[in-house]
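The structure appears below as structure tokens.
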Amino acid sequence: MQSVKKASLSDLDALAPLFDAYRVFYGKYSDIASSTAFLKSRLELNESIIYVAFWGTKAVGFTQLYPLFSSTRLQRLWLLNDLFVTSEYRQKGLASLLIEKAQLLSQETEASGLLLETEKSNLPANQLYPQLGFERDDQHHYYFWETPTALL
């Protein structure tokens, strides 16, 4: 009943509303046209890997990963940047399936691992990640500089 597959341009119509809902979840404005264009660019330019979760034939979740490189490890690593499952399909194992696909990608590409961040207030995610083998990094500080002209 549930499945996960690597997204292609043919999945864009099903994927864009999920991506837009993910952005809204994190406090951004809804913009299906821009969400579609953003995902289309990532897929066309092979700038990210996106996996889509299905419940039957309905797309209900996704994860998006970006390639990075670690100078100290001398290896690729993957940034698990986005993970989202629609509210009515949460607690059904789909987030775990998506993360397992990301872990498999890391192994298949001989990467050093997966890096992710989530808000401290996202309790379900903060409980799930350790269950799937992720370790919280308490030794480093996270900083961000926002370009003054960045889009909201």
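Take region 110-121 and flag every residue that is more than 14 Å from the chain's Cα centre (by Cα) and surrounded by 14 or more Cβ atoms within 10 Å (Cβ to Cβ). Residues satisfying the conditions are 111, 112, 113.
Could you tell me whether residue 130 is of a type outside the set (Gly, Ala, Ser) and either within 26 Å of residue 12 (Cβ to Cβ) or in a strand (DSSP E or B) (or both)? Steps first, please.
Details: of a type outside the set (Gly, Ala, Ser): yes; either within 26 Å of residue 12 (Cβ to Cβ) or in a strand (DSSP E or B) (or both): no.
Against the criterion (of a type outside the set (Gly, Ala, Ser) and either within 26 Å of residue 12 (Cβ to Cβ) or in a strand (DSSP E or B) (or both)), residue 130 does not qualify.
Which number in (1) at pLDDT below 90; (2) of a type outside the set (Asp, Glu); (3) closer than 25 Å to residue 6 by Cα marks the one condition that residue 139 misses? Unmet for residue 139, out of (1) at pLDDT below 90; (2) of a type outside the set (Asp, Glu); (3) closer than 25 Å to residue 6 by Cα: (3).
The residues of region 90-109 that are surrounded by fewer than 13 Cβ atoms within 10 Å (Cβ to Cβ) and over 22 Å from residue 25 (Cβ atoms), listed by number, are 104, 107, 108.
One line per residue, one yes/no per condition, for (1) in contact with a Lys or Arg (Cβ under 8 Å, 6 or more places away or on another chain); (2) of a type in the set (D, E, K, R):
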position	(1), (2)
17	no, no
24	no, no
30	yes, no
40	no, yes
45	no, no
54	yes, no
67	yes, no
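One residue is enough: does region 81-89 have a residue meeting the conditions without any contact (Cβ under 8 Å) to a residue 60 or more places away in the chain, out of contact with any Phe, Trp or Tyr (no Cβ under 6 Å at 6 or more places or on another chain) and either of a type in the set (Lys, Arg) or over 19 Å from residue 24 (Cβ atoms) (or both)? No, every residue in region 81-89 fails to be without any contact (Cβ under 8 Å) to a residue 60 or more places away in the chain, out of contact with any Phe, Trp or Tyr (no Cβ under 6 Å at 6 or more places or on another chain) and either of a type in the set (Lys, Arg) or over 19 Å from residue 24 (Cβ atoms) (or both).
Look at residue 53 and say whether it is within 14 Å of residue 86 (Cα to Cα), in a helix (DSSP H, G or I), within 16 Å of the chain's Cα centre (by Cα) and not β-branched (Val, Ile, Thr). Don't jump to the end; show me each part of the working.
Working: within 14 Å of residue 86 (Cα to Cα): yes; in a helix (DSSP H, G or I): no; within 16 Å of the chain's Cα centre (by Cα): yes; not β-branched (Val, Ile, Thr): yes.
Against the criterion (within 14 Å of residue 86 (Cα to Cα), in a helix (DSSP H, G or I), within 16 Å of the chain's Cα centre (by Cα) and not β-branched (Val, Ile, Thr)), residue 53 does not qualify.
The values are calculated or read from the model by the stated rules, or taken from the named source; none is laboratory data. A quick note: this is a predicted structure, and the numbers were derived from the prediction, not measured. Counting neighbours? That spans all protein chains shown, and the Cβs are built from the backbone with ideal geometry, glycine included.
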